[in-house]
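The values are calculated or read from the model by the stated rules, or taken from the named source; none is laboratory data. Model, not experiment: these values are computed from the prediction. Because the Cβ atoms are built from the backbone with ideal geometry, glycine has one as well, and the counts that use them run over all protein chains shown. The area values use the complete protein model at the heavy-atom level, side chains included, leaving out ligands, DNA and RNA. Shrake-Rupley method; radii C 1.70, N 1.55, O 1.52, S 1.80 Å.
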Amino acid sequence: MNDDTFNMDVRKFLKAVGVSSQREIERFVGDAIAAGRLTGKETLHARVTLTIAGTDFSHEVEGDIRLE
């Protein structure tokens, strides 16, 4: 295994996950507020599950996102 290649690819993957996830959460919240499904005062409980295809690896991260 090439540690440098592995490290760079993991970092690129996690950056893509972070950027795209933030965009999607912002889009969802904006749309939900506009549609009246959220008031903008909620705390949203979020969960992300990371898996690696072809393995039994699974990792969950949970947390709260406050809108106010």
Point to revise | Cβ pairs under 7 Å, 6+ apart, first in segment 53-68 and in a strand (DSSP E or B), second open to solvent by 100 Å² or more (accessible area, probe 1.4 Å) and of a type in the set (Lys, Arg) | key: GLU60/ARG47; GLU62/ARG47
Check your understanding: Tally time: how many residues in segment 44-56 are touching a Leu at 6+ places or on another chain (Cβ under 8 Å) and open to solvent by 80 Å² or more (accessible area, probe 1.4 Å)?
Key -> 0
Check your understanding: Which residues, taken from segment 9-41, are in contact with a helix residue (DSSP H, G or I) (Cβ under 9 Å, 6 or more places away or on another chain) and on the phi < 0 side of the Ramachandran plot?
Key -> ARG37, LEU38, THR39
Point to revise | Options ARG11, ARG27, ARG23, ARG37; residue that is open to solvent by 100 Å² or more (accessible area, probe 1.4 Å), of a type in the set (Lys, Arg) and not in a helix (DSSP H, G or I) | key: ARG37
Exercise for review: Output the qualifying pairs, or none if there are none: Cβ atoms under 6 angstrom, residues six or more apart or on different chains, first residue in segment 30-50 and closer than 13 Å to LEU67 by Cβ, second residue outside any helix (DSSP H, G or I) and open to solvent by 80 Å² or more (accessible area, probe 1.4 Å).
Suggested key: LYS41/GLU68; THR43/ASP64; THR43/ARG66; HIS45/ASP64
